[in-house]
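See structure below.
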Amino acid sequence: MARFAGPPATRRRKTTTPVVAILKPTQPEFRRMRVEDLDAVAALETVAYEFPWSRAIFADCLRAGYDCVVLSDGSALVGYGVLSCAAGEAHVLNVCVAPLLHGKGCGRRIVRRLIDIARWQRAERVYLEVRPSNPRAIGLYESIGFNEFGRRPNYYPAKKGREDAIVMAMELLAGE
Ligand SMILES: CC(C)(COP(=O)(O)OP(=O)(O)OC[C@H]1O[C@@H](n2cnc3c(N)ncnc32)[C@H](O)[C@@H]1OP(=O)(O)O)[C@@H](O)C(=O)NCCC(=O)NCCS
């Protein structure tokens with residue numbers, strides 16, 4: 001009889017943590033941008049910028065050997081970044097996050113990744129240009145440690161004529 005009575009009461013009451021509660025939600029991950037990504041990258045660029053880069057510009061960046069990364073959740077493109085590095089200086093050429101995912105820390109992750117890549121290539125300084133009319137990007141760069149370095153007058157096309165660029169720079173200290 002006892003053999004068919006089931007587990008002892010104490011065992012039956014024991015609860016186990018559901019697996020979903022101990023797994024973190026999937027974090028988008030970085031990988032190198034590939035030619036197969038270019039359509040999605042160009043599509044995101046078009047919705048994110050008023051004056052977007054063309055698909056051909058991204059293709060040129062890949063051909064030129066620039067460091068082009070995408071942040072992907074496995075099935076969809078979350079964002080991307082492009083960095084050029086030469087002679088101890090790195091230049092952030094593009095950082096973009098899908099508009100629906102703004103404000104969730106993805107932009108910060110992409111910029112930090114580009115800075116890591118610059119460090120791995122022993123760059124001593126990272127530069128970037130940003131529109132004065134882009135407070136979100138300026139806020140992001142300042143919070144990471146970039147400072148205004150100068151201005152390039154009439155650098156960008158704008159709805160009404162041209163817009164200056166703020167040039168920002170960040171020193172990469174050895175061993176940091
Ligand atoms: C700029 C951009 C990359 C930021 O990406 P994001 O994922 O929204 O940024 P994050 O969530 O990582 O925000 C990081 C920081 O940016 C700053 N920031 C974000 N929104 C801001 C706003 N509206 N105003 C000022 N600063 C802001 C904050 O410092 C924020 O840090 P916090 O959340 O700890 O306060 C994104 O808005 C984007 O793709 N814009 C279109 C393309 C573009 O303009 N690229 C930059 C070209 S120079």
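Taken together, the values in this text are just the output of simple stated rules run on the coordinates, not laboratory data. Given the structure is predicted, the values throughout are model-derived calculations rather than measurements. Cβ sites come from the backbone with ideal geometry, for glycine too, and all protein chains shown count toward neighbours.
Listing for the model above:
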quantity: The stretch 27-171, relative contact order [Cα under 8 Å, separation at least 6], %; calculated: 17 percent
quantity: Simple Cβ-charge dipole of the stretch 27-171, Lys/Arg +1 and Asp/Glu -1, about Cα centre, in debye nearest 20; calculated: 120 debye
quantity: Segment ILE57-ASP73, extension gain: residue separation times 0.36 nm, minus the distance between their alpha carbons; calculated: 3.3 nm
quantity: Listed residues GLY107, PRO132, ALA86: farthest to the positive end of the dipole of the stretch 27-171 (Cβ charges); calculated: PRO132
quantity: DSSP-loop GluC sites (Glu not before Pro) across the stretch 24-98, with at most 12 other Cβ within 10 angstrom; calculated: GLU50
quantity: Radius of gyration and Dmax over the Cα atoms of the stretch 27-171, both given in Å; calculated: 14.5, 41
quantity: Ordering of 53-64, 143-154, 114-125 by packing [mean C-beta count within 10 Å, highest first]; calculated: 114-125, 53-64, 143-154
